[in-house]
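Enquirer: Supplied in structure tokens, the structure appears directly below.
Every read-out reported here was derived from the displayed coordinates using simple, explicitly stated rules and does not represent laboratory data. Being a predicted model, the structure only gives us computed values, none of them experimental. Glycine gets a Cβ as well: all are built from the backbone with ideal geometry, and neighbour counts include every protein chain shown.
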Amino acid sequence: MSTTTAETITGGERWDESSAISDVFNDGQAHLGYWYGPDDGTPMVSAAHRLTRKVADVLGVRAGERLLDVGCGPGGPSIQMAEETGARVTGITISGFEAEAGTRKAAERGLADRVDFEHGDYSELGHHADGSFDAVMAMESLQYSPDLARTLSGLERVLRPGGALTMTDYTLAPGVGQAERDVLAANLGLPLLQPVEAWLDVLREAGLEVEEWTQCGPRVFGMGPKYVEAAEQTRDKLAAAFGEEAVTGLKQAMGDFFSPGADQIAYSIVTARKPRR
């Protein structure tokens with residue numbers, strides 16, 4: 001695990017606490033899952049792996065290529081990408097817990113030579129040279145950038161010409177007005193809740209060419225009951241680590257978070273490419 005300057009690592013305490021629970025709850029996959037419908041009985045961890053695999057498919061990362069995982073969580077997607085694609089992966093997170101968890105898991109899986117984790121700010125990538133990475137993925141992380149234009153400019157810089165960036169994030173469902181958006185964003189703690197078209201615009205403004213996007217809210221955000229059910233199924237494991245009160249709180253928090261449903265909150269996967277020039 002490497003560390004950037006201390007001045008750039010702020011705000012990680014929030015993720016230190018929440019990711020410790022999600023690491024046990026969802027095997028290091030700090031993002032949502034993908035189900036084919038309400039009758040799909042796929043376990044939550046496998047559904048989360050499925051979403052990471054969809055990112056791998058549209059990103060097109062190949063064996064030996066260098067992948068940057070932006071806001072990597074406790075390391076699950078980085079490790080999965082390395083194992084399933086053969087890529088060399090660098091994850092970056094402002095959470096010390098997440099960086100340490102990812103480093104430990106990579107070592108346990110025999111991947112320490114191909115996966116590393118940085119405790120740092122993904123908006124501060126000056127220690128990486130221009131064109132350092134063949135691909136970038138950002139799973140539910142750009143939502144929390146305090147300066148999205150600056151962050152994307154930095155990601156564009158470290159991406160090689162012809163390299164691709166794939167992001168997944170919560171987006172505003174069509175037809176939801178500004179007043180509703182403000183209430184939803186505040187209640188759900190989503191600072192950049194916006195229509196997918198706004199994400200396409202900011203990616204283009206950063207100099208990237210948008211190639212493909214998919215809106216899959218009903219299969220991701222719309223599956224709220226499955227997350228609550230998974231918390232109950234893992235109650236004993238979670239309670240042993242964090243106490244019964246934490247399990248009850250997790251179930252309540254997830255019930256509240258997913259209550260708007262896919263009619264109001266969509267979920268988008270967007271791929272853009274740095275021009276070859």
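Enquirer: Given labels modelled 7 Å from the Cα in the Cβ direction, how far is it in nm from Ala179 to Ala149?
Expert: Reported label-point gap for Ala179 and Ala149 is 3.0 nm.
Enquirer: What spacing in nm lies between the two simple spin-label points modelled at Arg160 and Ala129, each 7 Å away from Cα in the Cβ direction?
Expert: Distance between label points: 1.2 nm.
Enquirer: Looking only at the stretch 239-277, which residues have a backbone nitrogen under 19 Å from a spot 7 Å from the Cα of Ala198 in the C-beta direction?
Expert: Taking a point 7 Å out along Cα→Cβ of Ala198, the residues of the stretch 239-277 whose backbone N falls under 19 Å are 260-271.
Enquirer: In Å, what Rg and Dmax follow from the Cα atoms of the stretch 25-106?
Expert: Just the Cα atoms of the stretch 25-106 yield Rg and Dmax of 12.8, 38 Å.
Enquirer: Something else now. Once the other residues with Cβ under 14 Å from the Cβ of Glu197 are scored (Lys, Arg +1; Asp, Glu -1), what is the net sum?
Expert: Neighbourhood net charge equals -1.
Enquirer: Would you mind telling me which residue in Leu125, Leu67, Leu32 has the biggest mean-square fluctuation in a Gaussian network model of the chain, where springs connect alpha carbons within a distance under 10 angstrom?
Expert: Leu125
Enquirer: Report, please, the projected area of the stretch 220-277 averaged over directions, based on the convex hull of its C-alpha atoms, in nm².
Expert: Details: hull surface 24.9 nm².
Value for the stretch 220-277: 6.2 nm².
Enquirer: Eight or more residues apart or on different chains, and alpha-carbon atoms under 23 Å: count the Lys pairs in the chain matching that.
Expert: So the count works out to 7.
Enquirer: Here is a further query. Calculate the spin-label point distance for Ala253 paired with Asp236, positioning each point 7 Å from the Cα along the beta-carbon direction, and give it in nanometres.
Expert: Inter-label distance under the simple model: 2.4 nm.
Enquirer: Using the Karplus curve 6.51 cos²θ - 1.76 cosθ + 1.60 with θ = phi - 60°, what ³J(HN,Hα) values do you get for each residue of the stretch 68-78, in whole Hz, with x for Gly and Pro?
Expert: 9, 9, 8, x, 6, x, x, x, x, x, 4
Enquirer: Val89's amide H: which non-local residues (gap 5+, or another chain) put their own amide H closer than 5 Å, with H modeled 1.01 Å from N in plane and none for Pro or chain starts?
Expert: Here the answer is Leu67, Val115, Asp116, since their amide H atoms fall under 5 Å of that of Val89.
Enquirer: Output ³J(HN,Hα) for the stretch 211-218: one whole-Hz value per residue in order, computed from phi by the Karplus curve 6.51 cos²θ - 1.76 cosθ + 1.60 with θ = phi - 60°, and x for Gly and Pro.
Expert: 10, 7, 8, 10, 10, 10, x, x
Enquirer: If you don't mind, another one. Need one number: % antiparallel among DSSP beta bridges in the stretch 2-273, to the nearest 5.
Expert: Here the antiparallel bridges make up roughly 40 percent for the stretch 2-273.
Enquirer: Starting with the highest mean, order 54-65, 127-138 by the number of other Cβ atoms within 10 Å, averaged over the residues of each peptide. Please list the in-between numbers first.
Expert: Numbers: 54-65: 17.3, 127-138: 19.2.
Sorting 54-65, 127-138 by mean packing, highest first, produces 127-138, 54-65.
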